[in-house]
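The next block holds one structure in the form of structure tokens; read it before the comments.
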Amino acid sequence: MRREGPGVPGGAVPGFDAPSASGARETLRTEFEFELPRGYVDEAGTVHRRGAMRLATARDELVPLRDVRVRENPAYLSVVLLGRVITRLGTLGDVHDGTVENMFASDLAFLQDFYRQINAEGHTRAAVACPHCEQAFEVELAGSRLGES
């Protein structure tokens, strides 16, 4: 069996840092912006809604399993994991599991869904269908708030 791919003699995997039809190199998108439904309220009362999350690595998913809080309460896994992959939130200098721990439940649920979407699908679009006419279309999950387009 012959293996081909980046770093393997014989070629590259299509779409992986390969020249596009226009000759420009394609890059893998690793960070995705989001807007929280409610927003994180810091100690000063400032609401932070816009942020960014990077793709998770295997290490990001393995390290929290050694955390004592996760061993005592497996539901805490998502808090620790999200604290590792959220790279930016509003004007906060540092986002960590303590930040995620103090978010509203609706924002935590949003971030859990967002994490699954970008790490499983590689994008922030979801295929949906109109409940009235059954027309299929895509919606952007990352930054739209209810009532906005």
Original post:
Remind me, relative contact order of segment 31-140 in percent, using alpha carbon pairs under 8 angstrom and six or more residues apart?
Top reply: 24 percent
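Arrange the following residues from fewest to most other Cβ atoms within 10 Å of their Cβ: THR27, THR46.
On the way: THR27 8, THR46 12.
Listing THR27, THR46 from fewest to most nearby Cβ atoms yields THR27, THR46.
Working out 0.36 nm times the residue gap between GLU26 and ARG50, then minus their Cα-Cα distance, what length gain in nm do you get to one decimal? Working shown, then result.
Working: separation 24, 0.36 × 24 = 8.64 nm, distance 2.64 nm.
Using 0.36 nm per residue and subtracting the Cα-Cα distance, I get 6.0 nm.
Taking neighbour Cβ counts within 10 Å as the exposure measure, how do HIS132, HIS48, HIS96 sort from fewest upward?
On the way: HIS132 6, HIS48 18, HIS96 14.
By the 10 Å Cβ count, ascending, the order reads HIS132, HIS96, HIS48.
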**OP:** Quick one: order ASP97, ASP67 by neighbouring beta-carbon count within 10 Å, fewest to most.
**Re:** ASP67, ASP97
Subject >> segment 31-140: equivalent-ellipsoid semi-axes (sqrt of 5 x gyration tensor eigenvalues, Cα, Å) >> reply: 26, 18, 13
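Each reported figure results from applying straightforward, stated rules to the coordinates on display, with no laboratory input. Source: prediction; values computed, not measured. Neighbour counts run over all protein chains shown; Cβ positions are idealised from the backbone, glycine included.
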